[in-house]
Amino acid sequence: MAKAEDILVAKSAGFCPGVKHAIEQVFALEAARKKPIYTLGPLIHNKQVTSMLERKDIRAIHTPEEATNKQGVLVIRAHGITPDLQRQLEACEMSVVDATCPLVKHAQNIIAKYAVQDYHTVIIGDAEHAEVIGLMGYAQNRCHVVSSLEEAKALPHFEKVNVVSQTTQQESVFYELSEEIKKHADICQISNTICQPTKDRQKETMEQAQNADLVIVVGGKHSANTTRLAALCRGLCKHVQHVETEDELNEKEVVEAKKIFITAGASTPSWVIDSVAFRVKTLRDRATRKVVYRYKPGEKK
Ligand code: SF4
């Protein structure tokens, strides 16, 4: 039988407070449903949650144009949006519920504060990510996004620059790139806007992943924070599996590993983590159980 301490599920695994709050807001609207409910983009990057919302007839729309002729409630997800887009949505007929995470709003406010003082903004993050696209909207068209040291080295010289981070950035990357960006400015303002839940998740992962023979990262393959977490683990442990559900587990590795650490991204629901942990335990228990035949296998009709 697998010993309890052989399988460790991270304390920090699963929904972060921002995602939890956004989902609770949508569920509260659903419970009191008087009008159709829409989200601007998928509420979170997790197929299981998206399917559950669709079953409740809560659907994603993607542009303000799609909102134009609709009645109902439109929820802005935890990633936030640009101020321009917010204005466009508020001008349409739907009621807008803003579920932007307060920790994303904090980063937006820092960008806005320095942008009015003529600072350029540099965001350390992924330019394609919805949160970063939203943050860029606060920079008054003076914004660069960098995700690697090479990109930071290629930045021009600034008189004044304000450096912030995508909230789910890896801390070591943020520090390495901010050091480089400092060399590109006369005045450099740096704010580490990586959110505390992300820092806690990274800290726990770094402590536990290096002592494990196998790390299982549970969460959407399209979820940026889950993918980043899996990349962090790959630098710490030889065997890492990034799975969306228990059906994707590499069973051979699960059975052979001595110590397994299970963690999950900020958009992974607890029921999916529990199902993966349960399957891991079942596979290991089954592997250590001996089958005793009282007849020769194959002889019995
Ligand atoms: S990852 Fe952090 S900033 Fe993003 S929604 Fe969660 S708590 Fe908020």
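The values are calculated or read from the model by the stated rules, or taken from the named source; none is laboratory data. Fair warning: this is a prediction, and the values are worked out from it, not measured in the lab. Using ideal geometry, Cβ is built from the backbone for each residue, glycine included, and neighbour counts are taken over all protein chains shown. To get the accessible areas, we keep the full protein, side chains included, count just its heavy atoms, and leave off ligands, DNA and RNA. Shrake-Rupley method; radii C 1.70, N 1.55, O 1.52, S 1.80 Å.
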Taking the dipole of the chain about the Cα centre (Lys, Arg +1; Asp, Glu -1; charges at Cβ), the one of GLN196, TYR175, ILE58 that reaches farthest to the positive side is ILE58
Could you work out which residue, out of GLY219, GLY235, GLY14, moves most in a Gaussian network model of the chain, that is, has the largest mean-square fluctuation with Cα springs under 10 Å?
-> GLY235
Estimated dipole of the chain in Debye, rounded to 20 [Cβ of Lys and Arg +1, of Asp and Glu -1, Cα centre] | 1500 debye
How far is helix 196-209 tilted, in degrees, relative to the longest principal axis of the Cα atoms in the chain, given as a value from 0 to 90 rounded to the nearest 10?
-> 30 degrees
Take the Cβ-Cβ distance between ASN141 and GLN88 as r, set R0 to 30 Å, and report the resulting FRET efficiency rounded to the nearest 0.05.
-> 0.95
Degrees between helix 270-288 axis and first principal axis of the chain (Cα, 0 to 90, nearest 10) | 30 degrees
Can you tell me the Rg and Dmax of the stretch 103-194, counting just the alpha carbons, in angstroms?
-> 11.4, 30
Step through the table entries LYS56/LYS203; LYS183/LYS238; LYS11/LYS47, compare each Cα-Cα distance with 30 Å, and write down the pairs that go over it.
-> LYS56/LYS203; LYS183/LYS238
Percentage of Cα-Cα pair distances in the chain greater than 32 Å, rounded to whole percent?
-> 38 percent
Volume per residue that the Cα convex hull of the stretch 17-100 spans, once the total is divided by residue count, Å³ = 82 Å³
In whole Å, largest first, what are the principal axis extents of the Cα atoms in the stretch 205-283?
-> 29, 26, 17
For the Cα atoms of the chain, what angle does the longest principal axis make with the long axis of helix 171-182, in degrees from 0 to 90, nearest 10?
-> 30 degrees
Counting only protein heavy atoms with a 1.4 Å probe and every protein chain in place, the carbon and sulfur fraction of the accessible surface of the stretch 17-100 in whole percent equals 52 percent
Would you compute, from DSSP H runs of 4+ residues alone, the mean residue ellipticity of the chain at 222 nm, taking -39500 (n - 2.57) per run and dividing by the full residue count, rounded to the nearest 500?
-> -12500 deg cm²/dmol
Solvent exposure of the chain as accessible area per residue, Å², 1.4 Å probe | 52 Å²
